Amino acid sequence: APAEPAARRPRALASGGRPQMSGDGADALLTWVDEIAALTQPARIHWVDGSAVENETLLREMVDEGKLIKLNPEWRPGSYLARSHPSDVARTEARTFIASEREEDAGPTNNWAAPDDIRGTLTPLFEGSMRGRTMYVVPFSMGPVGGPLSQIGVQVTDSAYAVASIGIMTRVGQAVTDEIAAGKPWVKTVHSVGAPLAPGEADVAWPCNDEKYIVHFPDTLEVWSYGSGYGGNAILAKKCFALRIASVIGRDEGWLAEHMLLIRVIDPKGTAFHIAAAFPSACGKTNLAMLRPTIPGYRVETLGDDITWIRPGEDGRLWAINPEAGFFGVAPGTGESTNVTAVETLWGNTIFTNVALRPDGDVWWEGLTDEAPAHLTDWEGNPWTPDSGRPAAHPNSRFTVAASQCPQIAADWDDPRGVPLDAILFGGRRATNVPLVVEATDWAHGVFIGSNISSERTAAAEGTVGELRRDPFAMLPFCGYNMADYFAHWLRVGEGLRFDRAPRVFQVNWFRKGDDGRFLWPGFGDNSRVIDWIIRRVQGEVAADDSPIGRLPRLADLNLDGIEVSDDDLAQLFAIDTDSWLREADLTEQFYGTFDGRVPATLQAELAALRYRLTRA
Ligand code: GTP
Ligand code: SPV
Ligand code: MN
């Protein structure tokens with residue numbers, strides 16, 4: 001093709017230089033960057049353009065500085081291992097704050113801080129916090145640039161690891177700066193690992209600070225994160241923006257920002273259905289997002305694995321996009337027999353964090369293969385053998401990889417219009433009580449179920465693993481405003497839908513255990529058997545039985561061909577113990593009682609109706 005005339009060609013950036021911009025929007029961005037630089041006093045500023053060359057340079061520099069280990073390209077081309085500081089391995093919910101003007105807008109489930117007070121704390125911390133380091137300016141879009149459901153932001157950070165991760169997880173580049181210059185609203189996010197370097201001071205592999213603050217200002221659309229390099233604390237586009245800040249924008253604009261995977265299921269007749277599912281952290285979203293159905297004739301296409309933005313359309317349906325561009329997934333438990341799609345996705349171009357290193361320069365984690373290699377270097381860099389008596393990979397070790405590498409990614413996964421939802425699933429890790437699948441009777445009942453999701457704690461956040469906690473809508477750590485108002489918002493969104501076009505709501509539980517502690521359900525690919533029932537319900541093909549907690553499948557309607565689940569286990573998977581459910585109802589009353597009368601009357605009525613059905617049963 002003939003070369004474009006020089007004048008029309010987009011201006012090539014002198015690598016890392018300040019981009020050429022004009023307009024009111026441009027001034028606001030440049031002024032803001034200058035202000036942050038004046039505060040944090042970096043040695044240099046690099047404007048990130050998102051190019052492949054820039055990314056390679058960045059990765060090479062990190063390898064040279066000992067911050068990344070380059071994996072053997074023979075096994076894992078273009079891939080790297082990062083080892084975090086042992087204290088910086090998960091989200092720190094206790095250090096995460098919502099700094100809304102009014103305390104009641106943060107609600108009882110968030111840590112609240114008065115904006116002025118917390119700014120008073122943050123400013124001295126950020127003062128000179130980037131000394132000796134490069135300050136990167138990263139313009140990013142959540143959702144395809146310019147899409148009707150998309151939102152944009154800028155992250156300033158002194159972490160090259162964060163820059164490389166944002167490059168995978170979002171759309172980065174000049175097109176976003178152009179939108180900002182043109183005056184589109186954007187979210188300001190500032191991140192520092194809080195480890196300034198004195199002149200001549202040697203750097204460490206994973207700089208961070210014992211003191212951590214992840215602070216959200218929903219009224220001014222800002223995030224300030226200090227002291228941590230871990231994904232959920234440092235990739236501010238993800239949980240901080242796309243859930244906490246976006247949930248507030250959604251509340252005000254009439255849409256939903258959710259901790260959900262998004263898939264397209266194609267049934268044996270070739271009909272496509274779209275399902276979004278909210279499970280708490282490390283409870284199976286990535287796995288369901290990449291499902292390989294074990295029922296012949298079914299296909300699943302991946303659209304997203306962690307965050308879904310949902311908007312009512314003109315047609316009375318709910319339309320959904322995945323605002324991200326990559327997966328930041330849990331490594332342990334990901335293997336050929338559980339999630340072969342993820343294993344294939346990770347063939348190369350992946351940043352691994354806190355997994356184990358093999359002697360041949362490849363990676364390993366618990367569950368990747370049935371047998372552990374005889375010798376490894378564990379996630380902390382120490383020699384490891386199967387007799388070491390500790391995991392080789394950290395339980396919250398993760399991979400960061402582009403969505404486009406997923407072999408079953410939907411061809412139209414970045415269509416800016418999104419997909420119409422047919423069903424919404426809520427789930428969690430529940431060893432008892434919650435059946436394999438149950439259908440809500442209507443939208444309000446579905447919202448009631450969502451508001452009552454509980455799950456056993458996982459390693460994705462600090463805290464005691466295994467302990468049961470409430471995690472409404474899987475959003476406990478991610479809702480940027482009062483959770484009771486969020487319940488009301490969900491009810492309101494449902495009221496605006498055409499009654500025959502609202503997605504059907506289901507509760508699922510892959511994690512129910514027998515008295516002997518073993519999982520009753522094979523899970524993973526066999527979860528397609530539950531999806532099959534859900535899809536046949538959506539089409540009105542199968543009847544269901546009413547129970548006090550919702551509609552249950554008739555066992556004969558479950559496709560169990562080719563799997564071994566004993567009648568006894570099947571009965572236990574669907575057993576409803578009235579006394580236990582009455583105790584759950586008491587816990588719900590207690591939980592609702594923490595919201596100062598703000599829980600919608602509709603949900604209180606759902607609770608009363610549940611108790612009535614249980615006592616009558
Ligand atoms: P976040 O990225 O933290 O939001 O987590 P996620 O919900 O995407 O969790 P993920 O799919 O990575 O699953 C976490 C863990 O649950 C992994 O160790 C999986 O192997 C395990 N898991 C997922 N699906 C199933 C299932 O159907 N049955 C069982 N028993 N375990 C599962
Ligand atoms: C989660 O914890 O739910 C995650 C990982 O998806 S993080 O992005 O770190 O929050
Ligand atoms: Mn998540």
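Can you give me the C-alpha center-to-center distance between segment 360-380 and segment 273-316, rounded to a whole angstrom? A separation of 30 Å, based on Cα centres. Helical content alone sets the calculated 222 nm signal of the chain at -7500 deg cm²/dmol, taking -39,500 (n - 2.57) per DSSP H segment of four or more residues and averaging over every residue.
Can you figure out the FRET efficiency of S566 with T123, using R₀ = 56 Å and their beta-carbon distance, to the nearest 0.05? Efficiency computed from Cβ-Cβ geometry: 0.35. Value of Rg to Rh for segment 414-562, rounded to two decimals, is 0.97; Kirkwood radius and Rg both from alpha-carbon coordinates. Computed packing ranks the peptides 300-308, 574-582 as 300-308, 574-582, most packed first, by mean other Cβ atoms within 10 Å.
Mean projection of the Cα convex hull over all viewing directions, computed for segment 489-544: 5.8 nm². Averaged over residues, the count of other Cβ atoms within 10 Å places the peptides 130-142, 330-342, 533-545 in the sequence 130-142, 330-342, 533-545, highest first. Cα centroid separation, segment 567-617 to segment 461-484: 19 Å.
In a reduced charge model with +1 at each Lys and Arg Cβ and -1 at each Asp and Glu Cβ, the chain shows a dipole moment near 680 debye about its Cα centre. Our coupling estimate for segment 451-465, obtained by passing each phi through the Karplus curve with A = 6.51, B = -1.76, C = 1.60 and θ = phi - 60°, is 5, 10, 4, 10, 7, 6, 4, 10, 7, 5, 9, 4, x, 7, 5 Hz, Gly and Pro reported as x. Derived from the Cα gyration tensor, the three semi-axes of the equivalent ellipsoid of the chain are 39, 28, 24 Å, largest first.
In this structure the amide hydrogen of T96, modeled in the peptide plane, comes within under 5 Å of the amide hydrogens of I214, none closer than 5 places in sequence on its chain.
Each DSSP beta bridge with both residues in the chain is either parallel or antiparallel, and the antiparallel ones are about 65%. Using the Karplus relation 6.51 cos²θ - 1.76 cosθ + 1.60 with θ = phi - 60°, the per-residue 3J(HN,Hα) values for segment 516-523 come to 7, x, 8, 4, 7, 10, x, x Hz, with x marking Gly and Pro. Of the peptides 17-30, 258-271, the ranking by mean beta-carbon count within 10 Å, highest at the top, reads 258-271, 17-30.
Solvent-accessible area per residue in the chain equals 39 Å², computed with a 1.4 angstrom probe and all protein chains kept. Seen from S129, the other residues with C-beta closer than 13 Å to its C-beta sum to a net charge of 0, counting Lys and Arg as +1 and Asp and Glu as -1.
The values are calculated or read from the model by the stated rules, or taken from the named source; none is laboratory data. Here the structure is a predicted model, which means the values were calculated and not measured. Reconstructed Cβ throughout: ideal geometry from the backbone, glycine too, with neighbour counts over all protein chains shown. Note: areas computed on protein heavy atoms with side chains; ligands, DNA, RNA excluded. Shrake-Rupley method; radii C 1.70, N 1.55, O 1.52, S 1.80 Å.
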